[in-house]
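Undergrad: This structure is in structure tokens; I'll ask about it shortly.
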Amino acid sequence: MFNKDFCSIIFITFAENLRWYFHPAKKEKQVFSLYCPRLFVPLQKFIKIIVFKQMNILELSEQEIGRRESLQELRNMGINPYPAAAYPTNAFSVDIRNVFRDEDEPRQVCIAGRMMSRRVMGKASFAEVQDSKGRIQVYVTRDDINAACEAYAAAEEKQGAQPIDYPTFKRLLDIGDFIGIKGFVFRTQTGEISVHAKEMTLLSKSLKPLPIVKYKDGVAYDKFDDPELRYRQRYVDLVVNEGVKDTFLQRATVLRTLRNVLDENGYTEVETPTLQSIAGGASARPFITHFNALNQDMYMRIATELYLKRLIVGGFEGVYEIGKNFRNEGMDRNHNPEFTCMELYVQYKDYNWMMSFTEQLLEKICIAVNGKPEREIDGQIVSFKAPYRRLPILEAIKEKTGFDCDGKSEEEIRAFCLSKGMDVDETMGKGKLIDELFGEYCEGTFIQPTFITDYPVEMSPLTKMHRSKPGLTERFELMVNGKELANAYSELNDPIDQEERFVEQMRLADKGDDEAMVIDHDFLRALQYGMPPTSGIGIGIDRLVMLMTGKTYIQEVLFFPQMKPEKKIPQSTVAEWGAIGVPEEWVPVLRKAGFNMVSNIKEEKAQGLQQKIGDIVKKYKLDMTKPSVNDVQGWIESAKSAE
């Protein structure tokens, strides 16, 4: 099954091994080395690798095969397709266009990027190069880049990677390759600012073809727009789809502005454990892992709250952390189980101060990202200009449903929920029921930023009791575009009250609430040393970025969102094919012909199946003799009897 090229590779490798064993310094090994296992074993492994590569070709598309052939030809020419030397770029596409003046002397530039298109026209060609900031046209002439190659070859001391000539540019480069260009800036006869290439260097060979998205009059054609493919292959999405990279640059602006505001106010950025022995600080289902060194189950943190409060106890004025939290819950357009959150805690403040601080913070972020304090989201203009409306949660529920929860018992609230056809059960306490009511009838109605305040104590186990409203707490949630963006408290610092709240949470856990908090005894111990009056807030960064960029799916603002396992075409194993008499070397051929399962060949005619196998052998130039009709008939009969 080995073709001439394969045998040549084996011979060359064999010769290279002989050269090592017949080194002048090792004359005594000349005869013995012909039988030495140290010679045979590398060759044996190499043969296996080559067989694998030959069969692996059937898993490639024609374009991928062509690119690998070009890769090998480049290497045969002595051109390294992945040079190690630094390439001395000094300009970006956008900057070149911004500073160009027709009356100036031609500017000498050195640029690099991915070749996104090419138009070959005899002795001159055009290419479009995409760098980290944009795209620019490159004008390539045969004489110029050939002269650069000749000069490189004639130089006694070679500097940098070997440049490529015009035939190599035309034949062996492909869309998606990274190239370096040295030349000067000019304006073409059609008025496009371009770079006239005087030297071209291959910096990295692309082996998979990019999906080519064509743009005409601002309209994209042949889009790479399947959401699942875009999220799985974000690297391709970033290359071919305009605007995707801008979203993540805006995300960086959100984080940079957030940090700047917090730092300017004198607050300290800190880091707290991601692996925690207790999943505390929020009501959520955690991810569980095992710490082998301690032989102990651990939890991926669901919040940073309790550790940050420990630092307030320790004497920091204000601390914040921007980090990942993990909640083992559902995935949808608004939720990802791994998400970024900013939590801030400041001593001697309350939730009224935090509301004022939050609205000023968000206004600054919106201006930094969008140049103004408004953003269009889902076709509506959302204004982040302070101040925001403030509305107690029980008033919001009464406003939307006519039912006043104030003073009602758990049973009365559950009865009302059931009368509305809501899916509630006996495991839900009073706080959970109120939360369900708000989520069902209120949350989605608040488009403009609105502080929902004064939550019942049953919903807020870490929050200080309201100073003037019995049964309520000093807590707010910020609603924007129908979703929660932030959650904040006047923090509970009474250790006895806090312990009683934890006990109540454990009672709910005993009733079956798997999101109830557990008692963190070390946190209680910290509170007993004394924590000053403190206000804290948590802001979901992913949702904040969604709002600031106008995106309606959280996956659009995450580089690599969590996805379901990638679907794979079911295939019979090599052993299952062998059970019906198919030799191992024919399994990849059958799969390439479209027969992934043994059962797929049952209805085939022997002669027709043999022809399909032969077509694959011919198309991919495999040095294999197709099986006889009788052999193929035997496979088909065995497949039928295997059922």
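The values are calculated or read from the model by the stated rules, or taken from the named source; none is laboratory data. All figures in this text were calculated on a predicted structure; none of them were measured in a lab. Note that we place each Cβ from the backbone using ideal geometry, even for glycine, and neighbour counts take in every protein chain shown. Note: areas computed on protein heavy atoms with side chains; ligands, DNA, RNA excluded. Shrake-Rupley method; radii C 1.70, N 1.55, O 1.52, S 1.80 Å.
Undergrad: Across segment 89-140, what is the total count of residues that are part of a loop (DSSP other than H, G, I, E, B), open to solvent by 40 Å² or more (accessible area, probe 1.4 Å) and without any contact (Cβ under 8 Å) to a residue 60 or more places away in the chain?
TA: Residues meeting the conditions: 10.
Undergrad: Examine segment 265-277 for a residue that is in contact (Cβ under 8 Å) with a residue 40 or more places away in the chain, part of a strand (DSSP E or B) and out of contact with any Lys or Arg (no Cβ under 9 Å at 6 or more places or on another chain), and state whether such a residue exists.
TA: Filtering segment 265-277 down to residues in contact (Cβ under 8 Å) with a residue 40 or more places away in the chain leaves 265-272, 274.
Those left that are additionally part of a strand (DSSP E or B): 268-269.
Applying the additional criterion that residues be out of contact with any Lys or Arg (no Cβ under 9 Å at 6 or more places or on another chain) yields 268.
Scanning segment 265-277, I find at least one residue that is in contact (Cβ under 8 Å) with a residue 40 or more places away in the chain, part of a strand (DSSP E or B) and out of contact with any Lys or Arg (no Cβ under 9 Å at 6 or more places or on another chain), so the answer is yes.
Undergrad: State the number of residues belonging to segment 220-238 that are open to solvent by less than 80 Å² (accessible area, probe 1.4 Å) and more than 22 Å from the chain's Cα centre (by Cα).
TA: 1
Undergrad: Moving to a separate point now. Has segment 480-489 got at least one residue that is within 25 Å of S277 (Cα to Cα) and open to solvent by 20 Å² or more (accessible area, probe 1.4 Å)? So that I can check it myself, show each step before the final result.
TA: Pass one, segment 480-489, residues within 25 Å of S277 (Cα to Cα): 487-489.
Among the residues that remain, those that are also open to solvent by 20 Å² or more (accessible area, probe 1.4 Å) are: 487, 489.
Yes: one or more hits.
Undergrad: Whether any residue in segment 282-291 is assigned to a loop (DSSP other than H, G, I, E, B), open to solvent by 60 Å² or more (accessible area, probe 1.4 Å) and of a type in the set (K, R) is what I want to check.
TA: Yes, segment 282-291 contains at least one residue that is assigned to a loop (DSSP other than H, G, I, E, B), open to solvent by 60 Å² or more (accessible area, probe 1.4 Å) and of a type in the set (K, R).
Undergrad: Give segment 164-198 a look and list any residue that's closer than 15 Å to M115 by Cα, open to solvent by 10 Å² or more (accessible area, probe 1.4 Å) and of a type in the set (D, E), or say none.
TA: If the condition is that a residue be closer than 15 Å to M115 by Cα, open to solvent by 10 Å² or more (accessible area, probe 1.4 Å) and of a type in the set (D, E), then D174 is the only one that fits.
Undergrad: Scan segment 585-643 residue by residue and report those that are touching a residue at least 40 places away in the same chain (Cβ under 8 Å) and among the hydrophobic types (A, V, I, L, M, F, W, C).
TA: Correct list: W586, V589, V598, I616, L622, M624, W635, A639, A642.
Undergrad: Among the residues of segment 201-229, write down those that are in contact (Cβ under 8 Å) with a residue 12 or more places away in the chain, more than 26 Å from P81 (Cα to Cα) and not acidic (D, E). Break it down into steps so the answer makes sense when it comes.
TA: We begin by selecting, within segment 201-229, every residue in contact (Cβ under 8 Å) with a residue 12 or more places away in the chain; these are 201-213, 215, 220, 223-225, 227-228.
Then keep just the ones that are more than 26 Å from P81 (Cα to Cα); that gives 215, 220, 223-225, 227-228.
Passing the criteria: Y215, A220, K223, F224, P227.
Undergrad: Let me ask something additional. Tell me whether segment 616-639 contains one or more residues that are among the β-branched types (V, I, T), at pLDDT below 95 and under 44 Å from the mean Cα position of the chain (by Cα).
TA: So far as segment 616-639 goes, yes, one or more of its residues are among the β-branched types (V, I, T), at pLDDT below 95 and under 44 Å from the mean Cα position of the chain (by Cα).
Undergrad: Something else: Taking segment 318-327 on its own, how many of its residues are within 15 Å of P286 (Cβ to Cβ) and surrounded by 15 or more Cβ atoms within 10 Å (Cβ to Cβ)?
TA: 3
Undergrad: Kindly indicate whether any position in segment 305-317 is surrounded by 12 or more Cβ atoms within 10 Å (Cβ to Cβ), touching a Leu at 6+ places or on another chain (Cβ under 9 Å) and either polar (S, T, N, Q) or part of a strand (DSSP E or B) (or both).
TA: Checking segment 305-317: not a single residue is surrounded by 12 or more Cβ atoms within 10 Å (Cβ to Cβ), touching a Leu at 6+ places or on another chain (Cβ under 9 Å) and either polar (S, T, N, Q) or part of a strand (DSSP E or B) (or both).
Undergrad: Go over the candidates N292, N241 one by one and state the one that is over 17 Å from the mean Cα position of the chain (by Cα) and not small (G, A, S).
TA: Just a single option satisfies the conditions, and that option is N292.
Undergrad: Here's another thing I want to ask about it. Residues in segment 292-302 that are in a strand (DSSP E or B), in contact with a strand residue (DSSP E or B) (Cβ under 7 Å, 6 or more places away or on another chain) and either surrounded by 14 or more Cβ atoms within 10 Å (Cβ to Cβ) or of a type in the set (S, T, N, Q) (or both): how many?
TA: Number satisfying all stated conditions: 3.
Undergrad: Just the residues that are surrounded by fewer than 17 Cβ atoms within 10 Å (Cβ to Cβ), among the hydrophobic types (A, V, I, L, M, F, W, C) and part of a helix (DSSP H, G or I), please, taken from segment 500-554.
TA: The answer is V503, M506, A509, L524.
Undergrad: Among residues belonging to segment 431-453 that are more than 23 Å from L544 (Cβ to Cβ) and open to solvent by less than 10 Å² (accessible area, probe 1.4 Å), point out the one that is modelled with the highest pLDDT.
TA: Among them, the one singled out is L437.
Undergrad: In addition: Any idea how many residues of segment 576-611 are crowded, with 18+ Cβ neighbours inside 10 Å and assigned to a helix (DSSP H, G or I)?
TA: 13
Undergrad: Could you tell me which residue of segment 362-405 is most open to solvent (accessible area, probe 1.4 Å), considering only residues that are farther than 15 Å from I452 by Cα and acidic (D, E)?
TA: E376
Undergrad: Write out, first by first residue and then by second, each pair whose Cβ atoms fall under 7 Å of each other, whose residues are 6+ apart or on separate chains, and whose first residue, in segment 68-80, is closer than 13 Å to D177 by Cα while the second is of a type in the set (K, R) and surrounded by fewer than 14 Cβ atoms within 10 Å (Cβ to Cβ).
TA: Sorted first by the residue in segment 68-80, then by its partner, the list stays empty.
Undergrad: For the structure I just gave you, tell me whether L492 is more than 26 Å from K398 (Cβ to Cβ) and open to solvent by less than 10 Å² (accessible area, probe 1.4 Å).
TA: Considered against the rule, which asks whether it is more than 26 Å from K398 (Cβ to Cβ) and open to solvent by less than 10 Å² (accessible area, probe 1.4 Å), L492 comes out as yes.
Undergrad: Return the pair list, or none, for Cβ contacts closer than 6 Å from residues in segment 236-252 that are farther than 22 Å from A368 by Cβ to residues that are of a type in the set (A, V, I, L, M) and part of a helix (DSSP H, G or I), at least 6 apart or on different chains.
TA: Note: pairs meeting the criteria are D237/V244; L238/V244.
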